[in-house]
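A short reminder: the numbers here are calculations on the coordinates, not readings from a lab. The structure displayed is predicted, hence computed values, not measured ones. Cβ sites come from the backbone with ideal geometry, for glycine too, and all protein chains shown count toward neighbours.
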Amino acid sequence: MPPDSTDPVASFVRANEAYAGKFAKGDLAMRSKTGVTILTCGDSRVDPAYFLGLPEGEAYIFRNAGGRVTDDFLRLFFITQMLGSRRVMVIHHTDCGLNRFSNQVIHDRTRNELGLDSSGTDFLPYTDLDQSVRDDVARLRSSPSVRKDVLVSGYVYDVKSGRMTEVTSP
């Protein structure tokens, strides 16, 4: 049966086939060219490859809910340090879901909609966007998992204007 032409996943697969047909970057090094790691949100409006002008191979990019510094990110960042990453950009954004919901609301919805108990999880919601950036930058700078020569800076990306502003410098 042919794929449904209205199925977005089928469209993505077709786009990948076209991309792979022209692909000529298979020799890129595992190490990023810049030594920069970017942590940002998984929000579909926030794509650092576009708003930072990044071609493949330029930076390590990690995305999670809110672009928050989690234990998982710290474990993954350790690997990029072994590959030469010495700069981190923490990028949060305006109109983020973590700025709309408290832990309690998320726990209630998880229980009601999925039948799961997430009460032991801190989803790291926040009420002050700039402060959330400062908190995550501070967590990276104080983490024993982060080399002391790693420079960390923090930014806010505005989903309405496309502009990124610095909150903390390295």
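What percent do you get for the relative contact order of the range 40-144 when only Cα pairs under 8 Å and 6+ apart count?
Relative contact order for the range 40-144 comes out at 28 percent.
Using θ = phi - 60° and the Karplus curve 6.51 cos²θ - 1.76 cosθ + 1.60, what whole-Hz ³J(HN,Hα) does each residue of the range 60-71 get, with Gly and Pro shown as x?
Going residue by residue, I get 7, 10, 10, 10, 8, 5, x, x, 8, 7, 9, 4 Hz, with x marking Gly and Pro.
Scan the range 1-103 for GluC sites (Glu not before Pro) in coil per DSSP, keeping those whose Cβ has at most 11 other Cβ atoms within 10 Å, and list them by number.
E56
Among residues other than A59 whose Cβ falls under 14 Å from its Cβ, what is the net charge (Lys/Arg +1, Asp/Glu -1)?
+2
Sort out the exposed loop chymotrypsin sites (Phe, Trp or Tyr not before Pro) in the chain (DSSP loop, at most 15 other Cβ within 10 Å) and tell me the longest stretch that has none.
Looking at the chain, 24-100 is the longest stretch - no exposed chymotrypsin sites (Phe, Trp or Tyr not before Pro) with at most 15 other Cβ atoms within 10 Å.
Hey, what do the phi angles of the range 78-85 turn into as Karplus ³J(HN,Hα) couplings, whole Hz, using 6.51/-1.76/1.60 and θ = phi - 60°, x for Gly and Pro?
So the Karplus estimates, Gly and Pro as x, are 4, 5, 5, 4, 5, 9, x, 6 Hz.
Report, by chain and number, residues whose modeled amide H sits under 5 Å from the one on I61, excluding near sequence neighbours (fewer than 5 apart, same chain).
I38
Tell me what the chain gives for mean residue ellipticity at 222 nm when only DSSP H runs of n ≥ 4 count, each as -39,500 (n - 2.57), the sum divided by the residue total, rounded to 500 deg cm²/dmol.
-9000 deg cm²/dmol
Going through the range 88-128, which trypsin sites (Lys or Arg not before Pro) have at most 12 other Cβ atoms within 10 Å and a DSSP loop state?
Taking the range 88-128 and a limit of 12 other Cβ atoms within 10 Å, the loop trypsin sites (Lys or Arg not before Pro) found are R100.
How many nm is it between the label spots at S169 and R45, if each spot is 7 Å from the Cα in line with the beta carbon?
Computed distance between label sites S169 and R45 equals 3.0 nm.
So if R0 is 35 Å, what FRET efficiency would N64 and A24 give, r being the distance between their Cβ atoms, rounded to the nearest 0.05?
According to the calculation, E is roughly 0.70.
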